[in-house]
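Student: One structure, as structure tokens, below. Some questions next.
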Amino acid sequence: MSAISSLVPSRFLTLTAHLVIVITIFWSRENNVLACLPIDYTPEEYSSRDTELIVALSVTLGMFAVEFAGFLSGISMFNNSQSLISVGAHASASVALLFFLFEGWHCSVYWWIMAFCSALPALTELFVFIAVLGLKRKPL
């Protein structure tokens, strides 16, 4: 199997790994919310940080919907540039989010991880959508 043809399963696996980690953080977000708070916090501060993390995780899930729609529909499945961006970003996100989960990093770090590892491939996926569907270019 050549390196180019191995991008499709690699992309699917890294997308799925990233998705599983985000869902895991969503279910067990209490420790990460506590890491964002000072030692003596109020219930309002806890609620605010919890809402912030829920919003960030929900936006990430929305970006997964965009990427999985393009990938599973075949629009960008064999686009090598999109596959490389996606594999690199989601593999990096998987590693970074595992540290975020286990080390209890501050909530603001999640926004940076989301920007570079979820928003960037989702944005390029939208560009592929526009190129293929709007400009009627071939998906390859």
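Student: I need the full set of residues from the stretch 1-33 which are over 25 Å from G62 (Cα atoms) and either hydroxyl-bearing (S, T, Y) or assigned to a helix (DSSP H, G or I) (or both), in order please. First the steps, then the outcome.
Tutor: Looking only at the stretch 1-33, we keep the residues that are over 25 Å from G62 (Cα atoms), and these are 1-6.
Correct list: S2, S5, S6.
Student: Determine if the stretch 78-96 includes at least one residue that is in a loop (DSSP other than H, G, I, E, B) and on the phi > 0 side of the Ramachandran plot.
Tutor: Checked against the condition, which is being in a loop (DSSP other than H, G, I, E, B) and on the phi > 0 side of the Ramachandran plot, the stretch 78-96 yields no hits at all.
Student: So in the stretch 55-96, with the set limited to residues that are polar (S, T, N, Q) and closer than 19 Å to W27 by Cα, which one is surrounded by the most Cβ atoms within 10 Å (Cβ to Cβ)?
Tutor: The extreme case among them is T60.
Student: Could you go through the stretch 108-122 and let me know if any residue there is part of a helix (DSSP H, G or I), more than 13 Å from the chain's Cα centre (by Cα) and over 15 Å from E67 (Cβ atoms).
Tutor: yes
Student: When both residues are 6+ apart or on different chains and their Cβ atoms are under 9 Å apart, which pairs have a first residue that lies in the stretch 31-55 and is among the charged types (D, E, K, R), and a second that is loosely packed, with under 11 Cβ neighbours inside 10 Å and not in a helix (DSSP H, G or I)?
Tutor: Close Cβ pairs (under 9 Å, with a partner that is loosely packed, with under 11 Cβ neighbours inside 10 Å and not in a helix (DSSP H, G or I)) amount to E45/P38.
Student: Still on this structure, I have one more. Consider E45 carefully, then state whether it is of a type in the set (D, E) and either surrounded by 15 or more Cβ atoms within 10 Å (Cβ to Cβ) or more than 18 Å from F99 (Cβ to Cβ) (or both). Show your work before the answer.
Tutor: Numbers: of a type in the set (D, E): yes; either surrounded by 15 or more Cβ atoms within 10 Å (Cβ to Cβ) or more than 18 Å from F99 (Cβ to Cβ) (or both): yes.
Yes.
Student: Report yes if E103 is surrounded by 14 or more Cβ atoms within 10 Å (Cβ to Cβ) and either charged (D, E, K, R) or in contact with a strand residue (DSSP E or B) (Cβ under 6 Å, 6 or more places away or on another chain) (or both), otherwise no.
Tutor: Here the answer is no, as E103 does not meet what is asked.
Every number in this text was worked out from the coordinates using simple rules, so none of it is lab data. These figures come from a predicted structure and were not determined experimentally. Here the Cβ is made from the backbone with ideal geometry for all residues, glycine too, and neighbour counts use every protein chain on show.
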